[in-house]
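*Asks:* Sharing a structure here in structure tokens format.
The values are calculated or read from the model by the stated rules, or taken from the named source; none is laboratory data. Keep in mind the model is a prediction, meaning the values are calculated, not measured. Cβ placement follows ideal geometry from the backbone for every residue including glycine, while neighbour counts extend to all protein chains displayed.
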Amino acid sequence: MTAARLAGTLTLRARERGLLVGALALGALGLAAVHLALYPQDSWRPIVVGAVALAGFLVVHAALCASGHGADEVLLPVAAGLSAVGLVMVYRLRPDYLVRQAGWIALGLVALLVVLGTLRDLRWVRRYAYLFAVLGLCCCWRRCSWGSSATGRGSGCFSAASPSSPARS
């Protein structure tokens, strides 16, 4: 790697780090605010678990810095910000699901680290872009047509009450 390219990569990673710290601070403050407003008598354990899951984005950032990969510097902070907002919303609506959601975020970050460590050159993926797109659409169709709904009633994505049927409570 040339010195100019290395300097450019380090600048991108510094920008990424700044955006990432902002996204993680947003998540930590949001979790703390919801906890203090709605659940002040409960344990802080879910907040710590959520913060640790969000801190996993810093581990991925460190791996990107160490590998010298020239990845997009905005994509990881956007994913961290969306994950942070998602954790805050889950905690506000269903506090018992926060640990589960944090676990899924951590699992996704581990999968990202595995891919970063094992597949250095991903140009071969471009040859199979349409195949992967069709496989993804098939997985979505399978979930929507055959799977069960989140509430356990009906099946798939199309099990919600329609205008012609009364809504279930």
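*Asks:* Any residue in the stretch 125-132 that is surrounded by 12 or more Cβ atoms within 10 Å (Cβ to Cβ) and at pLDDT below 90? Working first, answer last.
*Replies:* Here is the first cut: in the stretch 125-132, the ones surrounded by 12 or more Cβ atoms within 10 Å (Cβ to Cβ) are none.
No: zero hits.
*Asks:* Out of Val60, Val48, which single residue is without any contact (Cβ under 8 Å) to a residue 24 or more places away in the chain, among the β-branched types (Val, Ile, Thr) and not in a loop (DSSP other than H, G, I, E, B)?
*Replies:* Details: Val60 fails: without any contact (Cβ under 8 Å) to a residue 24 or more places away in the chain.
Result: Val48 is the single residue among Val60, Val48 that is without any contact (Cβ under 8 Å) to a residue 24 or more places away in the chain, among the β-branched types (Val, Ile, Thr) and not in a loop (DSSP other than H, G, I, E, B).
*Asks:* Those residues that are within 21 Å of Thr118 (Cα to Cα), under 13 Å from the mean Cα position of the chain (by Cα) and of a type in the set (Val, Ile, Thr), I need them from the stretch 48-99; list them, please.
*Replies:* Val60
*Asks:* Within the stretch 83-104, how many residues turn out to be loosely packed, with under 11 Cβ neighbours inside 10 Å and either of a type outside the set (A, V, I, L, M, F, W, C) or in contact with a helix residue (DSSP H, G or I) (Cβ under 6 Å, 6 or more places away or on another chain) (or both)?
*Replies:* Going residue by residue through the stretch 83-104, those that are loosely packed, with under 11 Cβ neighbours inside 10 Å are 93, 96.
Now narrow it down to the ones that are either of a type outside the set (A, V, I, L, M, F, W, C) or in contact with a helix residue (DSSP H, G or I) (Cβ under 6 Å, 6 or more places away or on another chain) (or both): 96.
Total satisfying the criteria: 1.
*Asks:* Run down Leu12, Leu20, Leu24, Leu31 and say which single residue is aliphatic (A, V, I, L, M) and out of contact with any Phe, Trp or Tyr (no Cβ under 8 Å at 6 or more places or on another chain). If you could, list the steps in order and put the result at the bottom.
*Replies:* On the way: Leu20 fails: out of contact with any Phe, Trp or Tyr (no Cβ under 8 Å at 6 or more places or on another chain); Leu24 fails: out of contact with any Phe, Trp or Tyr (no Cβ under 8 Å at 6 or more places or on another chain); Leu31 fails: out of contact with any Phe, Trp or Tyr (no Cβ under 8 Å at 6 or more places or on another chain).
After applying the criteria, what remains is Leu12.
*Asks:* Looking for whichever is hydrophobic (A, V, I, L, M, F, W, C), modelled with pLDDT of 90 or more and either under 28 Å from Ala32 (Cβ atoms) or surrounded by 10 or more Cβ atoms within 10 Å (Cβ to Cβ) (or both) here; the options are Leu116, Leu107. Which one fits? Before the answer, list the steps.
*Replies:* Numbers: Leu116 fails: modelled with pLDDT of 90 or more.
Answer to the check: Leu107.
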